[in-house]
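Below is one structure, written out as C-alpha cells; the observations come after it.
The values are calculated or read from the model by the stated rules, or taken from the named source; none is laboratory data. Computed from a predicted structure; not experimentally measured. Cβ sites come from the backbone with ideal geometry, for glycine too, and all protein chains shown count toward neighbours. The protein model used for the area step is the full one, side chains on, heavy atoms only, and it has no ligands, DNA or RNA in it. Shrake-Rupley method; radii C 1.70, N 1.55, O 1.52, S 1.80 Å.
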Amino acid sequence: MKNIKQKILIILATLSLVIGFFAVPAGVFAAVTVDEAIDSGTSKILSTGKLADDWQSLGVARSNTPASKEMRQARYNDIVAYLNQSDRLSATDYERTIIGVVSIGGDPTHIPEATTHKNLVEELYQSNAMNSGVNAIIYGLLALQTKEYAVPENANFSIQEMVDKLLSLQKADGGWALGGAVGDVDMTGMAITALAKYKDMPGVSTALDRSVAWLSSVQLKSGGFKGWSNENSNSLSQALMAITLTGNDPKGALFTKDSDMITALMTYRTADGGFKWLPTDTQSNGMALEQALYALTQYKFYLNGSGSIYDFVNNPVPQLIETPVEPDPSTEEPSSSAEPGTEDSDSSDSNVSSEDSSTTTSISDGSDENTEETISDSEGSSNVEKNTTDSSEAGIIGDTDSSTTAPSKEADEEAVQNTSNNANSDNAKSLPSTGEANDYMFLSVLLGASMLLVGVFFLAKNKRKQNN
C-alpha cells in the first residue's frame, strides 16, 4: 500500500511539473501582440544604428517606428556609393535597389549623386529582365508598382509582358519555383505578391486562385510551411505576404490546420526581439527578421484595409527631401486693399511643401566610407539554406551641391503621420494577439506556477516518506 501511494505521488508530481512547464511559456507567449512583435523587431534593427540593406529599409519603413532622417540619409549614401562602384548591374540589382530607395524616401528616377546610374527605373526597363529568370520577373513587378513611373520609349518590356511571362512560368500544381516541375513555397509566395496588384488582367485571377489553393494544400499541421528541405520562418513569411495580399485571412479556416499562420510565425520569435530561421535554432537570424517584419506589417495592412506595403503612392513614407511648390505665375496676386466681401490670400501659401514623388530628391552628406550589402540573383529567393549576404567596399562620395533644396521638416513630419495612420495601433483595430489564449494569459501563468509548486511539494513529501 505504501508503494502504491508513493507511485501516485510521483505520478502527480510529474504531471504537475509537465503542466507547469508548458503553461507558463504558453501564457507568456500569448502576451505578445502583433504590434509588439513588429516594434521589438524594428527596435532590434534600429539599435544597430544603420539600415543594412534594402529589405530592412522596407520593413522599417512599414513599421510603427520609421527610421530617422539621418539613418535614412546614411542608407541613401550607401546606395549611391554602391551605384558609383558598380559598372554593370543585373536586373535584380536594379529592382531591389529601387525598392530600397523608395523605402527610405528617395526617388529612384533621380539620383544626381550617382555617376552613371542616375535613373534606376529607366535602366531597369532597358535591362534584360525578361530573360533573367523568375526572380527578375517577380521583383521587377514589385519594383515597378512602388510608384507610378513613366515608361521610356526604348523600354525592352511592359508590365503586361512581365505579367504574362510570370503566368507562363506557373507550375502544373499551381505554384512557382526556380526550376523543376514542382512548386516551391517561397517562390510561390513571392509570385503571388507580385501578381496581386494585377488581378484584373486576363488570366491573373485564375492563376492566383490556383496558387492560393496549392499553398493551403502544402501547409503543415503547425501552421507553417516547408522550404526546400526544412520547415522555416522565411517560407512562412513569404506565404503570409501572398495570403494577405489576395484577401485571405491567415488565421481563417483555409490556413488553419492544428495552428494558424500568425501563431506559427510567432513561435520563431527570439528573446532579443528577432526571429530565427529554423524551429531548432536558438538565435535570431537577420534575414528571418527582415522577412518576418515586413510580412507582419503586410498583415496589419490587410487588417486595416491599407493595401500593399509595396504601394508607396497610397501609403507614402517620410521623404528625404521635399520640393516646395513654385507659385503659379498666371495667378494674379491679390491686392492688399481687397474690396469688401473678398478674401485676402496669404502669400506664404506659395511655400507649402509638396510630396510629389516625381520631384523628390535625396542628398548626400559626403561621408567618407559606406558599405552596401548586396544580394545576388540567386539570393532573390528567400528560401536559401545559408542566410548570408556579401559585403563590398564602396567608393567615396563627393560633396553635395550647395544649391540642393533643404529638407522640409514639416513635410517629413506629415509623412511620418501618414505612415503612422497606415499602421494603426492594436487599440484602434483590435489586432489579435500572437496566441489564442491571450485573454487568459494571467490565469495560464498562475496555473503553471501553481502546478510547478504542487509538483515540487509532492516530490519533497515523497522524499521525506522514503527517508522515514
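List of remarks:
- Comparison of Gly305, Gly341 shows that the only residue that is over 26 Å from Asn77 (Cβ atoms), exposed (fewer than 13 other Cβ atoms within 10 Å of the Cβ) and at pLDDT 95 or above is Gly305.
- Residue ID - farthest from the chain's Cα centre (by Cα), chosen from residues in the stretch 143-156 that are of a type in the set (A, V, I, L, M, F, W, C) and crowded, with 20+ Cβ neighbours inside 10 Å: Leu144
- Residues in the stretch 258-277 that are surrounded by 16 or more Cβ atoms within 10 Å (Cβ to Cβ) and in a loop (DSSP other than H, G, I, E, B): Ser259, Thr267, Tyr268, Thr270, Gly273, Gly274, Lys276, Trp277.
- Among the residues listed as Gly174, Gly133, Gly227, the single one being touching a Gly at 6+ places or on another chain (Cβ under 9 Å), more than 20 Å from Asp93 (Cβ to Cβ) and in contact (Cβ under 8 Å) with a residue 12 or more places away in the chain: Gly174
- Residues within the stretch 177-204 that are farther than 26 Å from Glu123 by Cβ and either more than 26 Å from the chain's Cα centre (by Cα) or at pLDDT 95 or above (or both), tallied: 16
- Verdict on Met287 being of a type outside the set (Ser, Thr, Tyr), modelled with pLDDT of 95 or more and open to solvent by 10 Å² or more (accessible area, probe 1.4 Å): yes
- Residues in the stretch 149-164 that are over 17 Å from Glu95 (Cα atoms) and of a type in the set (D, E, K, R) were compared, and the one that is modelled with the highest pLDDT is Asp164.
- Taking the stretch 1-83 as the region of interest, the helices (runs of 4 or more DSSP H) fully inside it that hold 1 or more residues being modelled with pLDDT of 95 or more and buried (at least 18 other Cβ atoms within 10 Å of the Cβ) are 34-46, 54-61.
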